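Notes follow the structure.
The values are calculated or read from the model by the stated rules, or taken from the named source; none is laboratory data. Since this is a predicted model, take the numbers as computed values, not measurements. When we count neighbours, we look across all protein chains shown, and the Cβ atoms used for this are built from the backbone with ideal geometry, even at glycine.
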Amino acid sequence: MGLIKTHVSVQAQTYRNFRWIVVDGNSTDGAVEWLGGLDNDYTDWKSERDRSLYDAMNKGLVKAVTEPGYTLFLNSGDTFHDASVLEKVAQAIAANPTQPKYVYGDYCLENSKGQLREVKAKSFDRLKLGMISSHQAMYFENQRLSEIRFREDFPLSADYCMIVEFVATLNPETAVLKIPGILCDFDTTGVSQVHRFDALKEDLLIRKRYMNLSSLHAGVLYLLHYVHTHTKLLRGQMGS
């Protein structure tokens, strides 16, 4: 069960001032029974039916922002890269001249064989081109986050839209902090490219609606991503 894998990673963190908020979608895989058996002071869990992944993430968001600090979104199976990640993030935030609102770093993709591939986070000014890191390597300041929600009308790209809206009014010089080093391992088991082209269409709408890009500009980016995705799929088919 991916949730146990995530919990082991959470439990190992050297930095201890955190809450682990778990939103379970009324699952029947034993997760509820396992959660009920946990005996610690940092787990806050709830199990109930939800409409979608992003509905569940919004429930966690609402609970998380009731206290000051930062929120990180990990899906079941995702892990911190090592036991010192939260400590490194906390130290970087404390050492920054101003309190950042948005913090992010590098990440690793983990396949079904447990093999890791490092991915470098992109510079903040490339957000209009797409995700600059995985959301599992992003920390959102709670006061600002309380004003934002994942938009369920984007079932494939709501995370991208949330990030775009979150940073829309931020000053990159003072409110954005990029931390060097790998922050998380993103579990790609079961991730499919089948809906990738549908996600590109959602990204197009997000750029027009929430980044105020012109139809021409957003359309050019859509075509570039379309060609890139199609090329990757062809290479995968030829290599198989």
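Residues to consider are Asp50, Asp24; find the one that is touching a Gly at 6+ places or on another chain (Cβ under 6 Å), over 23 Å from Leu109 (Cβ atoms) and assigned by TED's automatic domain parsing to the domain that holds Asp153.
Asp50
Given Ser133, Ser112, which one is closer than 25 Å to Phe197 by Cα, of a type in the set (S, T, N, Q) and in contact with a Phe, Trp or Tyr (Cβ under 7 Å, 6 or more places away or on another chain)? Spell out how you get there, then give the answer.
Numbers: Ser112 fails: in contact with a Phe, Trp or Tyr (Cβ under 7 Å, 6 or more places away or on another chain).
Testing whether each residue is closer than 25 Å to Phe197 by Cα, of a type in the set (S, T, N, Q) and in contact with a Phe, Trp or Tyr (Cβ under 7 Å, 6 or more places away or on another chain) leaves just Ser133.
The single residue among Arg16, Arg51 that is surrounded by fewer than 14 Cβ atoms within 10 Å (Cβ to Cβ), assigned to a loop (DSSP other than H, G, I, E, B) and under 20 Å from the mean Cα position of the chain (by Cα) turns out to be Arg51.
When the stretch 114-140 is filtered for residues that are in a loop (DSSP other than H, G, I, E, B) and closer than 28 Å to Leu213 by Cα, the ones remaining, listed by number, are Lys120, Ala121, Lys122, Ser123, Gly130, Met131, Ile132, Ser133, Ser134. Listed by first and then second residue, the pairs with beta-carbon distance under 6 Å, at least 6 apart or on different chains, first residue in the stretch 12-33 and under 17 Å from Thr79 (Cβ atoms) and in contact (Cβ under 8 Å) with a residue 12 or more places away in the chain, second polar (S, T, N, Q) and part of a loop (DSSP other than H, G, I, E, B), are Thr14/Ser84. So which residues in the stretch 48-107 are more than 23 Å from Leu35 (Cα to Cα), in contact (Cβ under 8 Å) with a residue 40 or more places away in the chain and of a type in the set (Gly, Ala, Ser), if there are any at all? Listed by number, the residues that qualify are Gly69, Ser84, Ala90, Ala92, Gly105. Residues of the stretch 191-226 that are of a type in the set (Val, Ile, Thr), out of contact with any helix residue (DSSP H, G or I) (no Cβ under 9 Å at 6 or more places or on another chain) and modelled with pLDDT of 95 or more: Val220 alone.
Any residue at all in the stretch 187-202 that is basic (Lys, Arg) and in contact with a strand residue (DSSP E or B) (Cβ under 9 Å, 6 or more places away or on another chain)? Checking the stretch 187-202: not a single residue is basic (Lys, Arg) and in contact with a strand residue (DSSP E or B) (Cβ under 9 Å, 6 or more places away or on another chain).
Applying the condition of being more than 30 Å from Lys5 (Cα to Cα) and part of a loop (DSSP other than H, G, I, E, B) to the stretch 162-212 and asking which residue is farthest from the chain's Cα centre (by Cα) yields Asn212.
Just for the stretch 228-240: of the residues that are loosely packed, with under 15 Cβ neighbours inside 10 Å and under 18 Å from Met131 (Cβ atoms), which one is modelled with the lowest pLDDT? Once the filter is applied, the top-ranked residue is Lys232.
The residues of the stretch 62-113 that are part of a loop (DSSP other than H, G, I, E, B), surrounded by 15 or more Cβ atoms within 10 Å (Cβ to Cβ) and either outside the structural domain of Tyr139 (by TED's automatic domain parsing) or among the basic types (Lys, Arg) (or both) amount to a single one, Lys101.
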